[in-house]
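Asker: One structure coming up, written as structure tokens, with questions to follow.
The values are calculated or read from the model by the stated rules, or taken from the named source; none is laboratory data. Bear in mind the structure is a predicted one, so any value in this text is a computation, not a measurement. Cβ placement follows ideal geometry from the backbone for every residue including glycine, while neighbour counts extend to all protein chains displayed.
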């Protein structure tokens, strides 16, 4: 048992050194006198996971650039940060955590264990071959980068956000790049098929070969991967990247008697406290990030989130509650944005597929525009899709050459404020030739939806 | 008297060939069988006035690029467009317009006469010198461009939007550029002094000399301008640009017995019909654009607008009413954006100065951020200022290297939906390293304002 702090300060243990864990540690330490101990299984601490594809693409010169805060920073802040350390168990009754054979007391505990990459059943043995990667940690990224230096043919399995970003990145490195996706549409968790087609065309225009509606059957090779079998055909591969989703890391919590929800995530309340098997919430044990089960604002259904921005907001709420500044976390609409080649792609709220699965009737409006006045040099295409339920905005998707992050943030506000199609139609938007068009495409998207609602002539 | 149309079609006369006039003409013609006759005093028709500074800057190669629709387009559309034609008078009793000595009947009339540049009293005689310009029409732009080819020293009088854009443009052409502004702060109608200082510093970093708190006393020269007297000192000038605001062009309307409001603009109702001296609104006479008096949503006060985007929205409402699709135009919050050198500058709602003049108590929050993750190459500074009245957003200003148009549009929505400081603080924003930061500066601006409201520790 470790020593009891002579000053009698409260002990906070944080399991996980990702976006939630280190944000809570740093902020709590700055605003209180907790003893803060962080366990992270990752050998590296405090880096931008989201930046990895951009190092692979060559936009960022090296992985060191992704390091945010040094080991010294945490030392000087008085945070006991144990990297490369796996927690073995949590004992809620005794308020201890077991790590490397030693028990550590806590008064308050934060579970921010994140998630681990999923590997499709059929590929599990093949995934043990050399040069087969999942891309999660900085170490993963570094190893991938090294392997890509000697590669010619890359196969990326999974056409979600990370898969699409990495496909663009590998293509920009001059590699033969094949992206294979189980379902018919890329980014199917994020955007509708018609919008995904724009991304697919862009990837193909960059030279990426895209195969959809096929799940790879096997990874082949001896020691080192040599090919991937897709639809009975072998495709050469020096490097394979599996980006087929993640599963929340909840074993520690489940073993400790914390409830796991239908999504596989840890059940929490609005204060981000965990639910126990007796149905109560532990007032001293918090959970945030990818391992937590959230609620979707539009459908009311439970969901998991891989968004760093959502994790960061949860960290803020956990921080507030730990330092007795009351704060709570509500249902989410999950605004998301990615850069795939030259395209910015974003979404917020529900997609048509999610609506269908939940029996929600939608009316959509899609508009095409440009990022500048038509006559302005460098103007690129812009696509905006709006989804309405009972005339209220519940989903929005945008693709274009610029401004997509800011558009999605604005549409996030629009959804959270329950904005009607008429309000969007009458929205005052600003204009200058280099930055947009006199009538914003948003207006046309709303007009398109309204036309369907009222079935009036064009 | 011109012939009566044998088909008995209704006659629509539009006075003004700018953003309102031609948009109404084109759209009405497409959706109805009005006879459409447009009088425009401008020899050129259908061009982007807002694009002129960007041709001067060299971003757009030539003025022909600004031409939007050809003379043939209007002919083929069946619109009788009379450019270079000045209307002499309107006779409301007889439903006629007098132009070039001839009377033209109308059933419906649209007054979209726009505005003309103001020239400060003291400079009126000097303004007659060669190489002294106001920049309003395409012809103005072409003449200015020609004069700049032979110029070394340019003096721009007036530090509003056009003045600042043109100062940046002249500086990019390699000219010695002096910008002189009567008040202490540039862009004083658009943004607060602290934000304007950022623009001033940027202009100075480009090599523009900025003099504030001085109104030029005289323009000197014989035939051709040679210098400008400012604060008793002579500054050399081969070219002088006067951009000291505009006044609405309302003489025709006033002479016809249409009411002019305290701003000098034509008084209109929500249907954009003009008010007559007997207090009624003429159901067949519409007015839109810079010559119309609008109402500010926040202060409730009358105002004029020079925004092309606002003019375009008014054109839509006039069009709807002309073709019997009921539509109305409400009070405005006037989102505005400009590109000044490398900076995008935007605003929406009221400024601190307007609040002060109207006795409105504001609490503000200002945040500085970056346009990408700190480690991402090419990241530039971003400034966001939010203004709240009783915790409700009533004004917002933003300056930065990208995404300002889209941010201002989002903040326009936020103001129109009466968004609270807490709602902005809890807004879900999206993140990817190339396009922003994990916590958006908007959050910090709201936090800054909230801190002042609750006077809690930092």
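Asker: Consider residue B:293 against the criteria (1) more than 13 Å from chain A (Cβ to nearest Cβ); (2) within 29 Å of residue B:54 (Cβ to Cβ); (3) more than 13 Å from the chain's Cα centre (by Cα): it satisfies all of them except one. Which criterion is unmet?
Answerer: Only one criterion is unmet by residue B:293, namely (2).
Asker: Can you give me the number of residues within the range A:18-40 that are modelled with pLDDT of 95 or more and closer than 16 Å to residue A:85 by Cα?
Answerer: The qualifying residues number 7.
Asker: Checking residue A:427 against (1) within 20 Å of residue B:419 (Cβ to Cβ); (2) within 26 Å of the chain's Cα centre (by Cα): exactly one of these is not met. Which one?
Answerer: (2)
Asker: Separate question: Would it be correct to say that residue A:346 is more than 10 Å from every other protein chain (Cβ to nearest Cβ) and either under 14 Å from the mean Cα position of the chain (by Cα) or not in a strand (DSSP E or B) (or both)?
Answerer: no
Asker: Inside the range A:364-405, can you point out the residues that are away from chain B (no Cβ under 14 Å) and outside any strand (DSSP E or B)?
Answerer: Scanning the range A:364-405 gives A:390, A:391.
Asker: I would also like to ask the following. If we keep just the residues of the range B:416-442 that are more than 9 Å from chain A (Cβ to nearest Cβ) and over 27 Å from residue A:165 (Cα atoms), which is surrounded by the most Cβ atoms within 10 Å (Cβ to Cβ)?
Answerer: Looking at the filtered set, the residue picked out is B:421.
Asker: Based on this model, can you work out whether residue A:147 counts as touching a residue at least 24 places away in the same chain (Cβ under 8 Å) and more than 23 Å from residue A:250 (Cα to Cα)?
Answerer: In short, yes.
Asker: Answer with yes or no whether residue A:28 is assigned by TED's automatic domain parsing to the domain that holds residue A:292, within 16 Å of residue A:285 (Cα to Cα) and in a helix (DSSP H, G or I).
Answerer: The answer is yes for residue A:28.
Asker: Check off (1) buried (at least 21 other Cβ atoms within 10 Å of the Cβ); (2) farther than 21 Å from residue B:339 by Cα for residue B:411 and give me the number that stays unchecked.
Answerer: Going through the list (1) buried (at least 21 other Cβ atoms within 10 Å of the Cβ); (2) farther than 21 Å from residue B:339 by Cα, residue B:411 breaks only (2).
Asker: Here is a follow-up. For the range B:300-343, what are the residues that are within 12 Å of chain A (Cβ to nearest Cβ), in a helix (DSSP H, G or I) and farther than 30 Å from residue B:379 by Cβ?
Answerer: If the condition is that a residue be within 12 Å of chain A (Cβ to nearest Cβ), in a helix (DSSP H, G or I) and farther than 30 Å from residue B:379 by Cβ, then B:308, B:310, B:311, B:312, B:313, B:314, B:315, B:316, B:317, B:320 are the ones that fit.
Asker: Do we have residue B:359 as surrounded by fewer than 22 Cβ atoms within 10 Å (Cβ to Cβ), without any contact (Cβ under 8 Å) to a residue 24 or more places away in the chain and assigned to a loop (DSSP other than H, G, I, E, B) here?
Answerer: Judged against the criteria, residue B:359 is a match.
Asker: Of all helices (runs of 4 or more DSSP H) completely enclosed by the range B:49-157, which ones contain at least 3 residues that are more than 14 Å from chain A (Cβ to nearest Cβ) and touching a helix residue (DSSP H, G or I) at 6+ places or on another chain (Cβ under 9 Å)?
Answerer: So the answer is B:71-77, B:138-149.
Asker: Looking at this structure, is residue B:359 within 13 Å of chain A (Cβ to nearest Cβ), on the phi > 0 side of the Ramachandran plot and modelled with pLDDT of 95 or more?
Answerer: So residue B:359 fails the test.
Asker: Run residue A:446 past the list (1) more than 7 Å from every other protein chain (Cβ to nearest Cβ); (2) more than 28 Å from residue B:420 (Cα to Cα); (3) in contact with a helix residue (DSSP H, G or I) (Cβ under 7 Å, 6 or more places away or on another chain) and report the number of the one that doesn't hold.
Answerer: (2)
Asker: To continue, here is another question. Which residues, counting only those in the range B:409-443, are out of contact with any helix residue (DSSP H, G or I) (no Cβ under 9 Å at 6 or more places or on another chain) and part of a loop (DSSP other than H, G, I, E, B)?
Answerer: Hits for the range B:409-443 are B:418, B:437.
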